[in-house]
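**Q** Supplied in structure tokens, the structure appears directly below.
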Amino acid sequence: MDIIVRQESEQDYKTTEDVVKKAFENAEHSDNKEHELVARLRKSEMFIPELSLVAEHNGEILGHIMLTKLSINNNTNKYASLALAPVSVLPEWQNKGIGSRLITESIKTAKKLGYKSIVVLGHENYYPKFGFRPASRWGIKPTFDVKDEAFMALELEDYSLFGVSGNVEYSREFFE
């Protein structure tokens, strides 16, 4: 299957939001508003256009991923990081490796752009295959109640989270 992963363009926004909406329609842990989150994040200062990617097959957008800025804060320091949310694939195209391609490409792009880490709230049996580990390993915590193994982080450089600890501060767009 010939899948092209590329940066999302403004002309893709409506289609991408439809893909995100359809991807989460029957998801177990969803408020079915992920497409609205994507739209809000695009308008925020946390948005990084190079880290909003789509997966295409024969000119049709089948999936989307977005990484946005976040910070990890403790009493003395504030560390820059990225939030992976959401990754979406049309239901009829799920379980075909498209989500994995999007995650892999977003990680490569984030490294090229000089980012040091990514945080994700997600399936503890899925994200570890990309190198994600429980964020608590580094003393990184969410500001909401969630299972430890579902709140994960990934170092984009060896030891880039060494000495980093604190609470993850997502942008307000995640809570609107």
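The values are calculated or read from the model by the stated rules, or taken from the named source; none is laboratory data. Quick caveat, the model's predicted, so the values are computed rather than measured. We place every Cβ from the backbone using ideal geometry, glycine too, and count neighbours over all the protein chains shown.
**Q** Can you confirm whether Asp31 is in contact with a strand residue (DSSP E or B) (Cβ under 7 Å, 6 or more places away or on another chain) and exposed (fewer than 12 other Cβ atoms within 10 Å of the Cβ)? Show your work before the answer.
**A** Details: in contact with a strand residue (DSSP E or B) (Cβ under 7 Å, 6 or more places away or on another chain): no; exposed (fewer than 12 other Cβ atoms within 10 Å of the Cβ): yes.
So Asp31 fails the test.
**Q** Search the range 69-90 for residues being in contact (Cβ under 8 Å) with a residue 40 or more places away in the chain and in contact with a helix residue (DSSP H, G or I) (Cβ under 6 Å, 6 or more places away or on another chain), and hand back the single one that is nearest to Lys43 (Cα to Cα).
**A** Pro86
**Q** Find the residue count for the range 1-30, including only residues that are of a type in the set (S, T, N, Q), more than 12 Å from Leu62 (Cα to Cα) and in a helix (DSSP H, G or I). Step through it out loud before you land on a result.
**A** Restricting attention to the range 1-30, the residues satisfying the condition of being of a type in the set (S, T, N, Q) are 7, 9, 11, 15-16, 26, 30.
Filter again for more than 12 Å from Leu62 (Cα to Cα), leaving 7, 9, 11, 26, 30.
Next, from what is left, pick out any that are in a helix (DSSP H, G or I): 11.
Going through the range 1-30 one residue at a time, the tally reaches 1.
**Q** Tell me yes or no: at least one residue of the range 33-47 is closer than 25 Å to Trp138 by Cα, modelled with pLDDT of 95 or more and not in a loop (DSSP other than H, G, I, E, B).
**A** Looking only at the range 33-47, we keep the residues that are closer than 25 Å to Trp138 by Cα, and these are 46.
Add one more test, that the residue is modelled with pLDDT of 95 or more, and what stays is 46.
Keeping just the survivors that are not in a loop (DSSP other than H, G, I, E, B) gives none.
There is no residue in the range 33-47 that is closer than 25 Å to Trp138 by Cα, modelled with pLDDT of 95 or more and not in a loop (DSSP other than H, G, I, E, B).
**Q** Right, next: Condition first: closer than 25 Å to Ser117 by Cβ, assigned to a loop (DSSP other than H, G, I, E, B) and free of Cβ contacts under 8 Å to residues at least 40 places away in the same chain. Can you find one or more residues in the range 48-68 that meet it? Give the steps one after another, and end with the answer.
**A** First pass over the range 48-68, keeping only residues closer than 25 Å to Ser117 by Cβ: 48-55, 63-68.
Now narrow it down to the ones that are assigned to a loop (DSSP other than H, G, I, E, B): none.
No - not one qualifying residue is present in the range 48-68.
**Q** Is there a residue being out of contact with any Ser or Thr (no Cβ under 9 Å at 6 or more places or on another chain) and among the small types (Gly, Ala, Ser) anywhere in the range 58-76? Step through it out loud before you land on a result.
**A** We begin by selecting, within the range 58-76, every residue out of contact with any Ser or Thr (no Cβ under 9 Å at 6 or more places or on another chain); these are 58-59, 62, 73, 75-76.
With among the small types (Gly, Ala, Ser) added as a condition, the list becomes 59.
Yes, the range 58-76 contains a residue that is out of contact with any Ser or Thr (no Cβ under 9 Å at 6 or more places or on another chain) and among the small types (Gly, Ala, Ser).
**Q** Return the total of residues in the range 1-21 being surrounded by fewer than 16 Cβ atoms within 10 Å (Cβ to Cβ) and of a type outside the set (A, V, I, L, M). Spell out the reasoning first.
**A** Here is the first cut: in the range 1-21, the ones surrounded by fewer than 16 Cβ atoms within 10 Å (Cβ to Cβ) are 1-2, 4, 6-7, 9-11, 13-15, 18.
After this cut, where a residue has to be of a type outside the set (A, V, I, L, M) as well, the list is 2, 6-7, 9-11, 13-15, 18.
Qualifying residue count for the region: 10.
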